[in-house]
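For reference, the structure is listed below as structure tokens.
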Amino acid sequence: MEKKRAILLSFIFLGVSIALITGYTDTLRHQLTKDFGAEIGVVVAKESISEYAIIQPDMLEVVPVFKNFIQAQTSTVAIGDSVAEKKAINEIAGKATYVPIYQGEQITFTKLVNQDGKPVLDRQIEKQMRAVTVSVNAASGVGRLIRPGNRVDVLFAVRYEKNGTEQYEVKTVFQNILVLATGKNMQNSIPTKVTRDVLSAIEAKFEEQKRKDLYTSNVDTGTSRPDDNYSNMTLHLSPEQAEQLILLQNAKDIGEVKIFYTLRNTADDKVVANLETTILDQVLGPDSEVGRSKIKYPASPPSQPRYFDQMGEKKLPIY
């Protein structure tokens with residue numbers, strides 16, 4: 001009998017404890033919702049997501065957040081609505097991030113790439129710097145093998161006239177310049193998903209046209225492979241460098257100007273100060289047709305007369 005009584009009292013005390021805890025939590029929740037708003041489901045990162053990474057559904061989850069703590073431009077759903085939660089996650093999955101997103105951080109649409117999975121160029125330009133696009137061909141741009149993220153030197157080859165003779169000069173104007181883009185292919189481009197069926201259809205299409213340059217054409221195949229047939233590059237320059245580049249490109253009065261780009265090793269960031277201009281005489285030297293044509297031989301001494309003939313009061317030299 002005593003044992004049953006003890007068990008009964010235990011259940012009574014357990015019920016009272018649960019009731020007190022429930023009452024306390026309800027009171028606390030009511031106070032919190034009064035101060036911070038009702039709880040709403042928000043999509044957050046279940047794990048850390050790196051910059052420009054493609055977001056997968058298993059990287060996301062929906063957690064309750066008080067209304068006052070919800071950031072702008074987030075995906076919100078009603079708590080407990082599993083269908084709406086799945087829809088909100090799928091709305092974000094497949095996109096990429098501009099910046100790293102840390103575990104537990106709310107996913108805001110302002111941090112997502114919304115241009116077909118490709119980064120926007122202005123996000124890759126440093127503050128106080130500028131992006132300038134220049135024309136390039138195979139001869140001037142290392143056979144179009146320059147890729148976004150590479151670094152180049154910019155050389156100007158100038159031909160002009162001076163004192164009636166043609167002069168040739170080559171000058172390295174800029175060194176260690178970052179290439180932001182080649183054509184429309186930018187650095188940190190995000191790979192897009194293309195099925196084997198789509199690629200097979202593209203390959204069959206080009207095979208019909210007897211095209212052998214499927215992967216080097218300027219046709220967008222939907223892959224992230226850089227296009228080898230670009231005709232322009234976008235460089236990362238300071239405002240002063242941008243002005244100088246545009247001035248030299250359009251300075252018709254100084255003569256014919258050609259621009260060349262030499263590719264650097266990415267690990268080589270050394271900039272040579274006071275790099276001299278190269279002129280034609282330095283390259284060919286004096287032992288060349290150009291060098292010999294510019295040699296000034298000493299003037300021959302004047303001829304001496306053999307004798308002088310007397311013509312009245314004047315003496316005329318006879319040679």
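Tabulated results
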{"item": "Test: residue in the range 306-317 that is at pLDDT 70 or above, over 53 Å from the mean Cα position of the chain (by Cα), among the hydroxyl-bearing types (Ser, Thr, Tyr) and over 30 Å from Leu235 (Cα atoms)", "result": "yes"}
{"item": "Count of residues meeting criterion [over 26 Å from Glu166 (Cβ atoms) and either within 30 Å of the chain's Cα centre (by Cα) or modelled with pLDDT of 75 or more (or both)] in the range 262-301", "result": "12"}
{"item": "Per-region count, the range 230-244, residues part of a helix (DSSP H, G or I) and either in contact with a Lys or Arg (Cβ under 9 Å, 6 or more places away or on another chain) or among the hydrophobic types (A, V, I, L, M, F, W, C) (or both)", "result": "3"}
{"item": "Index of the failed condition, Asp153 passing every other in (1) under 22 Å from Leu180 (Cβ atoms); (2) surrounded by fewer than 18 Cβ atoms within 10 Å (Cβ to Cβ); (3) modelled with pLDDT of 80 or more; (4) among the acidic types (Asp, Glu)", "result": "(2)"}
{"item": "Pick from the range 55-65, criterion out of contact with any Lys or Arg (no Cβ under 6 Å at 6 or more places or on another chain) and of a type in the set (Val, Ile, Thr), ranking: surrounded by the fewest Cβ atoms within 10 Å (Cβ to Cβ)", "result": "Val63"}
{"item": "Subset of the range 66-109 that is part of a helix (DSSP H, G or I) and under 30 Å from the mean Cα position of the chain (by Cα) - its residue that is surrounded by the most Cβ atoms within 10 Å (Cβ to Cβ)", "result": "Ile89"}
{"item": "Conditions (1) in contact with a strand residue (DSSP E or B) (Cβ under 7 Å, 6 or more places away or on another chain); (2) closer than 30 Å to Leu121 by Cα: number failed by Gly41", "result": "(2)"}
{"item": "The one condition in (1) touching a residue at least 24 places away in the same chain (Cβ under 8 Å); (2) on the phi < 0 side of the Ramachandran plot that Lys127 fails to fulfil", "result": "(1)"}
{"item": "Top-ranked residue in the range 118-150 [being charged (D, E, K, R) and assigned to a helix (DSSP H, G or I); ranked as modelled with the lowest pLDDT]", "result": "Arg123"}
{"item": "Hits in the range 151-190 (condition: in a loop (DSSP other than H, G, I, E, B) and not small (Gly, Ala, Ser))", "result": "Asn163, Lys184, Gln187, Asn188, Ile190"}
{"item": "Conditions (1) part of a loop (DSSP other than H, G, I, E, B); (2) over 26 Å from Tyr102 (Cβ atoms); number of the one not met by Glu51", "result": "(2)"}
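The values are calculated or read from the model by the stated rules, or taken from the named source; none is laboratory data. These figures come from a predicted structure and were not determined experimentally. FYI the Cβ positions are ideal-geometry reconstructions off the backbone, even for glycines, and counts take in every protein chain you see.
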